[in-house]
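Heads up: the structure comes next, in structure tokens.
The values are calculated or read from the model by the stated rules, or taken from the named source; none is laboratory data. Because the structure is a prediction, the values reported are computed rather than measured. Cβ coordinates were reconstructed from backbone atoms using ideal geometry, including for glycine residues, and neighbour counts include every protein chain displayed. Calculation scope for accessible area: heavy atoms of the full protein, side chains included, ligands and nucleic acids excluded. Shrake-Rupley method; radii C 1.70, N 1.55, O 1.52, S 1.80 Å.
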Amino acid sequence: MTTMTNSEGQTIPAMLRRIREEGSTAAVTHYVETRWPAIGGKNLAPLPEPTFLDPEFSEAYQPGHVAYVYVAGSGDTLKAPDQPTGLHGLARRFALPLFKISATASENALARIEDINLERYAGMYEAEAGLACDPGYDNWRLVLIHPSRKPMRGAPIEARPRVIRVVLPKGLSLIGFEKELHERLSPAALGRWISSPAGRRHCADLDLDPREAMRFTGYNTGEGERVSRADELYIFKPRLDGGRLLCIIERIVHDYVVRDAAADRPAWGWVAVNQGYRRRA
């Protein structure tokens, strides 16, 4: 495939049409035919408007712990705009809008950002010679979330500029909520999608190795280091997908109270499989 190098030093297929002006720092600067997957999947839809005011929910719900859902990006485009690093650099190379989405119990989500900066979350990938590290993964920051609407009336959810605050139902742990969140975000998970036929076609069109987009984090545990998949990276457009994220959170809270807790089922649980997670049977 014929390629060319643009003014930012980015190698791109020669036939791609520019959709952003020259010098733009946007992750996707040229049109690609790829149809990105969406968090929540194709069939995601909001709950009916009176759902959280219905006695089925309002009389069964009891408040528990507070969680804060956040969206983060990494890399610095201001100091070296011609050499984007971190997740932003990966997004530009793969022409994908990429962000980290997760939840924390910290009342200031910046404390969690400090942790993942120290850990250089997602800074590693598997190269030909073994694990390699990229720069910029120690520069994570919160990004603005743009929900297309307010949370539904009666929902124990508050949409703030950089976090979505959720008062979890009693009995639902932060870990259970977080893993359920990732399960519902998973249709747009970078690692899952990039290894799919659509993801491999996308990489082939851009003449890229999909392994570079399969990210890992090294966790120092004393004398050794544990390397785990960085599974919290998603194809996500904050200005367009904020409403979908809010819808997912509303559904998790509703389903736990009305469907699972009301049915007297065990609390949601997850077991680790090689540092990944699957739902407990």
Completion exercise
Those residues of segment 139-158 which are assigned to a strand (DSSP E or B) and under 30 Å from T85 (Cβ atoms) amount to W140, R141, L142
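Let's see how each residue does on (1) surrounded by fewer than 17 Cβ atoms within 10 Å (Cβ to Cβ); (2) part of a helix (DSSP H, G or I); (3) modelled with pLDDT of 95 or more:
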| residue | (1), (2), (3) |
| --- | --- |
| M1 | yes, no, no |
| M4 | yes, no, no |
| L16 | no, no, no |
| G23 | yes, no, no |
| A45 | yes, no, no |
| F57 | no, yes, yes |
Problem - Among (1) assigned to a loop (DSSP other than H, G, I, E, B); (2) aromatic (F, W, Y); (3) open to solvent by 20 Å² or more (accessible area, probe 1.4 Å) - the single one Y125 does not satisfy - result: (1)
Fill in the blank from the handout: Checked D207, D231 against criteria (within 24 Å of E180 (Cβ to Cβ) and open to solvent by 70 Å² or more (accessible area, probe 1.4 Å)); the one match is D231
Exercise for the section: Answer yes if at least one residue in segment 104-119 is under 16 Å from the mean Cα position of the chain (by Cα) and assigned to a loop (DSSP other than H, G, I, E, B), and no otherwise. Expected result: no
Handout entry: Pairs, first under 16 Å from A95 (Cβ atoms) in segment 186-203, second among the small types (G, A, S), C-beta under 7 Å, six or more apart
Key = A188/A38; L190/A213; W193/G199; I194/A213
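What about E114, is it open to solvent by 40 Å² or more (accessible area, probe 1.4 Å), at pLDDT 95 or above and either over 25 Å from A38 (Cβ atoms) or not acidic (D, E) (or both)?
Working: open to solvent by 40 Å² or more (accessible area, probe 1.4 Å): yes; at pLDDT 95 or above: yes; either over 25 Å from A38 (Cβ atoms) or not acidic (D, E) (or both): yes.
Here the answer is yes, as E114 does meet what is asked.
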Problem - Flag if P63 is in contact with a Pro (Cβ under 8 Å, 6 or more places away or on another chain) and either at pLDDT below 95 or more than 25 Å from P238 (Cβ to Cβ) (or both) - result: yes
Exercise for the section: Kindly establish whether G242 is open to solvent by 10 Å² or more (accessible area, probe 1.4 Å), out of contact with any helix residue (DSSP H, G or I) (no Cβ under 9 Å at 6 or more places or on another chain) and not hydroxyl-bearing (S, T, Y). Expected result: no
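Can you pull out every residue in segment 212-223 that is open to solvent by 30 Å² or more (accessible area, probe 1.4 Å) and modelled with pLDDT under 95?
Once the filter is applied, which keeps residues that are open to solvent by 30 Å² or more (accessible area, probe 1.4 Å) and modelled with pLDDT under 95, segment 212-223 yields Y219, N220, T221, G222, E223.
Taking the stated definitions as given, is I164 surrounded by fewer than 18 Cβ atoms within 10 Å (Cβ to Cβ), touching a strand residue (DSSP E or B) at 6+ places or on another chain (Cβ under 9 Å), β-branched (V, I, T) and touching a residue at least 40 places away in the same chain (Cβ under 8 Å)?
In short, no.
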Problem - Condition met for E107 (open to solvent by 80 Å² or more (accessible area, probe 1.4 Å), at pLDDT 90 or above and of a type in the set (D, E, K, R)) - result: yes
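Among the residues of segment 128-156, what is the count of those that are hydrophobic (A, V, I, L, M, F, W, C), open to solvent by 20 Å² or more (accessible area, probe 1.4 Å) and either under 23 Å from K237 (Cβ atoms) or touching a Leu at 6+ places or on another chain (Cβ under 6 Å) (or both)?
Residues meeting the conditions: 3.
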Practice task
With the condition kept exactly as written, say whether any residue in segment 168-182 is more than 14 Å from the chain's Cα centre (by Cα), buried (at least 16 other Cβ atoms within 10 Å of the Cβ), of a type in the set (S, T, N, Q) and not in a helix (DSSP H, G or I).
Solution key: yes
